1. Name, by its number, the condition in (1) farther than 14 Å from residue A:62 by Cβ; (2) surrounded by fewer than 23 Cβ atoms within 10 Å (Cβ to Cβ); (3) within 12 Å of chain B (Cβ to nearest Cβ) that does not hold for residue A:89.
2. Could you tell me which of the residues B:138, B:109, B:123 is more than 14 Å from chain A (Cβ to nearest Cβ) and buried (at least 17 other Cβ atoms within 10 Å of the Cβ)?
3. Here are some residues: B:202, B:231. Which one is touching a helix residue (DSSP H, G or I) at 6+ places or on another chain (Cβ under 9 Å) and over 26 Å from residue A:32 (Cβ atoms)?
4. Looking at segment B:231-249 only, could you name the residues that are surrounded by 18 or more Cβ atoms within 10 Å (Cβ to Cβ) and under 8 Å from residue B:161 (Cβ atoms)?
5. Restricting to segment B:5-22, count the residues that are more than 16 Å from residue B:128 (Cβ to Cβ) and out of contact with any helix residue (DSSP H, G or I) (no Cβ under 9 Å at 6 or more places or on another chain).
6. From the list A:227, A:215, A:244, which residue is touching a helix residue (DSSP H, G or I) at 6+ places or on another chain (Cβ under 9 Å) and surrounded by fewer than 24 Cβ atoms within 10 Å (Cβ to Cβ)?
7. Is segment B:69-83 home to any residue that is under 22 Å from residue B:145 (Cα atoms), out of contact with any strand residue (DSSP E or B) (no Cβ under 6 Å at 6 or more places or on another chain), away from every other protein chain (no Cβ under 14 Å) and modelled with pLDDT of 90 or more?
């Protein structure tokens, strides 16, 4: 037993050394850091309710048909929107067609057309654009405040302490959060974290899977080169050798995560929360990744390239479903619920919750879920290996 | 055999071999189609203006319903951009692999001029891109992406522009980077970063001012502009500038890449 453990340890450390010396640190450490930086900077707007555009939107306002009622509303809108110079640069157009041409010719980002018939306000903008949402949000806020009426007639301007655009942003943000219980955090742990916090955890998990799988690939490479048979001939059992592969995969994953946590703490000031909770998440997560890699290796032929590319494919898809590549903040509710059971998603939820103050005691269900998944994967992989992969096959 | 015949033979052979590999097939067309399908499931249909009310309406700049499909098409186009960049950048490394294997030297020894080999390499990149585009658009179209909602010109021109620009970039990378391993790394990580910085997945209006200023040097930004120009704005007149920039990127990349390859391969 002691001998087997020593053999497992020796082989696992050797695999770890091979990963470290194989040029992997350049792409396993450098690449995720670059991605975290780029995503942290570019996606910061998706993680905060306080949005101000980098440059104000160009908006034209026009009346669909001439008349004192619509003209009054147009003047009121121009005046109100102009109160938010950080958001809007406002001009008046001669009519609906002129306003549309301004957007079509891209001299304006959006147009608001006031009409006495049909909908009182029509926003003309590129579908799905931010400017369409901001202008519409501002109009809704003004309607709620009684500044404009849904019948296109002005109702006077009550005194306010904030511009319509700022008010619209406040409407979207809701009331400021107070202390939150752990259960509430786990409902949507990505809410309330910054872009760097989110992507440091998400990208770390994604590359942890790649790192763990690269270690497992060495087990297959050893079969291809004959090293496996030589090691077997000196008395190392098959189980010991496979266990070493799993252990090395988990070790590489955990070591990688620890290194990334330290680097992101220094570079991006990412807060990782309770060290004990973080460590438990990392170790169980690394074991679950190793178990999945073991299963991939078990069901595929002993071809290193096949195992490597199959693992890359599976982990790339899992990363997408688990919120590593596209943030869960913009995913629909059904998507976030449907894939919440995935081990990489559980890890992401866990890391984000721990960063928000959740401690080990509240992590039990996440940790149990990851451990159960790892145990099932490991059991299936072992059964497949025993049934399909006879020695020497 | 004439020079044109040799270039055609070599480029067709390289394209054929690319698509014979199950691994390439999976990464060039399989995964992007699967990802696009999954993404299109949660984006759904609609005109991108989901919050209309009795007193507040939305219209597209063209004023039609068809251009309201733009959000759905643009997201799938974003996935396509990542994978066309990834596929062509990765394939660019094959010319160095040929040097390692010795097939480049054997071809040169057989009397084929080096410029023909480089031209065939560039042509095969364009062909790989064209095959990928045809398969991707056909299959995702069959799965529900309304590519042709505003006419074929809205889609075909941006796709051709992207293929030319990306082939040029790929040749430039092959000319400047001599390690096929490093080219693989660039092909793996670079496209996602370019796509995010170019506004392929979310509007650049939410990005910081610095990112917005950097966007015009990014081919993805111009590809998205070309698609938006055709779909949402004034058709070809809105597409002309983005297409010209994509062409310029492609030609500049080819010139830089050819110079690099001529210097290093001989």
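1. (3)
2. B:123
3. B:231
4. The answer is B:242, B:243, B:246.
5. Of the residues in that region, 1 qualify.
6. The conditions single out A:227.
7. Looking through segment B:69-83, at least one residue is under 22 Å from residue B:145 (Cα atoms), out of contact with any strand residue (DSSP E or B) (no Cβ under 6 Å at 6 or more places or on another chain), away from every other protein chain (no Cβ under 14 Å) and modelled with pLDDT of 90 or more.
Residues checked against (1) modelled with pLDDT of 75 or more; (2) surrounded by fewer than 17 Cβ atoms within 10 Å (Cβ to Cβ); (3) more than 9 Å from every other protein chain (Cβ to nearest Cβ):
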position	(1), (2), (3)
A:96	yes, no, yes
A:109	yes, no, no
A:139	yes, no, no
A:170	no, yes, yes
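The values are calculated or read from the model by the stated rules, or taken from the named source; none is laboratory data. Predicted model, so just to flag it, every value in this text is computed and none were measured. A quick note on method: Cβ atoms are made from the backbone with ideal geometry, for glycine too, and the neighbour counts reach across all protein chains shown.
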